[in-house]
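*Asks:* Would you mind keeping the following structure in view while I ask a few things?
The values are calculated or read from the model by the stated rules, or taken from the named source; none is laboratory data. Everything numeric here is computed off the predicted structure, so don't read it as measured data. Positions of Cβ are generated from backbone atoms using ideal geometry, with glycine treated the same way; all protein chains shown enter the neighbour counts.
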């Protein structure tokens, strides 16, 4: 169903270095989905593209063992600082998506990856604020890789929680996860006003046919996939 984005569940106030993605509507939506999973202290959790570490800290409050990854050095520093300030043990690694943890298995994997479509001339970077949102011409540069790698990261009955924009193709995400052997559902849909990045990019997005002339909101979705 489509719903308004309620205030985040237990995210609290966080410190962020300049250029690090601060919690926004997508973070809050994924936080609600994470809360609904009912994490326990015997679970291993992975946060891919952790940014400020907000979701990793939320998982750590349940007592779960949490590992977080981000390609941005500033994000890694921010997440480590927020974990230290909150008094939670969160291991934060620098790396490209799931690369640093490819040999490990988790009970829950969550991700708020870059998903904003970007002109083809923009190259993938490991620094600068754009690394938190630019995701290639179709917005799926990170999404597709996460969908493909998720089955190998999950234990039996393990769950993937993934948030992204409807602009990137919700059915494509569902189809890709299903093809990779996961049971997949869209648990939440929310319409939110365009943020600063989307607003700046509106002329290009409209020229690509991704957003209609009269549209002024973006749909966010949380996709839940479970391994048999």
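Quick grid of which residues meet (1) closer than 26 Å to residue 107 by Cβ; (2) surrounded by fewer than 21 Cβ atoms within 10 Å (Cβ to Cβ); (3) under 17 Å from the mean Cα position of the chain (by Cα); (4) at pLDDT 90 or above:
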residue: 10; (1), (2), (3), (4): yes, yes, no, no
residue: 13; (1), (2), (3), (4): no, yes, no, no
residue: 17; (1), (2), (3), (4): no, yes, no, yes
residue: 37; (1), (2), (3), (4): yes, yes, yes, yes
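*Asks:* Looking at 66, 45, can you tell me which residue is farther than 21 Å from residue 188 by Cβ, in contact with a strand residue (DSSP E or B) (Cβ under 7 Å, 6 or more places away or on another chain), modelled with pLDDT of 95 or more and assigned to a strand (DSSP E or B)?
*Replies:* The match here is 66.
*Asks:* Continuing with this model, one more query. When the stretch 159-174 is examined, which residues are found to be touching a helix residue (DSSP H, G or I) at 6+ places or on another chain (Cβ under 9 Å) and surrounded by fewer than 16 Cβ atoms within 10 Å (Cβ to Cβ)?
*Replies:* Scanning the stretch 159-174 gives a single hit, 172.
*Asks:* Turning to a different aspect of this structure: If a residue has to be in a helix (DSSP H, G or I) and modelled with pLDDT of 95 or more to count, how many in the stretch 153-169 make the cut?
*Replies:* 1
*Asks:* Another question, then. Restricting to the stretch 83-108, give me the number of residues that are in a loop (DSSP other than H, G, I, E, B), surrounded by 14 or more Cβ atoms within 10 Å (Cβ to Cβ) and in contact with a helix residue (DSSP H, G or I) (Cβ under 7 Å, 6 or more places away or on another chain).
*Replies:* 4
*Asks:* Please go through (1) modelled with pLDDT of 90 or more; (2) in contact with a helix residue (DSSP H, G or I) (Cβ under 7 Å, 6 or more places away or on another chain); (3) buried (at least 19 other Cβ atoms within 10 Å of the Cβ) for residue 135 and return the number of the only condition it doesn't satisfy.
*Replies:* Every listed condition holds for residue 135 apart from (1).
*Asks:* Of all residues being assigned to a strand (DSSP E or B) and out of contact with any helix residue (DSSP H, G or I) (no Cβ under 8 Å at 6 or more places or on another chain) in the stretch 205-228, which is surrounded by the most Cβ atoms within 10 Å (Cβ to Cβ)? Just the residue, please.
*Replies:* The extreme case among them is 226.
*Asks:* Here's a follow-up. Would you mind finding the one in 196, 156, 151 that is surrounded by fewer than 22 Cβ atoms within 10 Å (Cβ to Cβ) and closer than 13 Å to residue 116 by Cα?
*Replies:* 196
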